[in-house]
Amino acid sequence: MRKIIVFCLLAVFAQPVLAKLYKCKDAEGNTVYTDEPCADGKELKLPPLHTYTPVIIPPAFPTTNEADKKAVTYESLKILEPANDKPVYNNTGTVTVSYQLKPSLDTSQGHQFSIALDGKQLKTKGVTNQIQLQNLDRGSHSVQIFVVDKDNGILLSSPTVTFHLRQESLLNTPLPGSPQKAPQAPSVPAAPRATGL
């Protein structure tokens, strides 16, 4: 059966090469597709192939200029907090992201930090090594930090870090013997925003 399906797919995609396609039954009663006429077969008329030209979408993040790559002297950029693939407990949806750049940020060139939350670059930019994300929903989130120039071109990017925001509830009561966390007041969800850059 698998051979028949593969052959059918090949026949469909090779239509411009094949002049005709026939559907027949072999000696065992199986349906067979062939380009040679057979006694009990019938010729199949296949519809023309559909073609698709994809729309070119600009990148979600600014691209790095070749000239900027040569001028960059930064060695590394990494996120220190939150730790990758670890839970963060906060009932207000506030998460502090701290990061380290070596060497320090060159503000004289107009360089700044930019952050992406869950794959979307936020408009907030700044020059400090810490940012506070607020009003996040509980669940898994990813963050990435960029060093950008005055034209928003990326000079350096950190590896992406994923964290899991947890909120205390009666359903999330820690098991006996596990470390206890201080209770926090519940909050009203609001739109995510970043401060501290």
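Worth pointing out:
- Residue ID - farthest from the chain's Cα centre (by Cα), chosen from residues in region 88-138 that are assigned to a strand (DSSP E or B) and more than 23 Å from residue 74 (Cβ to Cβ): 89
- Conditions (1) at pLDDT 85 or above; (2) touching a Lys or Arg at 6+ places or on another chain (Cβ under 7 Å): number failed by residue 41: (1)
- Scope region 86-118; condition in contact with a His (Cβ under 8 Å, 6 or more places away or on another chain), farther than 11 Å from residue 129 by Cβ and not β-branched (Val, Ile, Thr); matching residues: 86, 87, 117, 118
The values are calculated or read from the model by the stated rules, or taken from the named source; none is laboratory data. Please read these numbers as outputs of a predicted model, since none were measured by experiment. Here the Cβ is made from the backbone with ideal geometry for all residues, glycine too, and neighbour counts use every protein chain on show.
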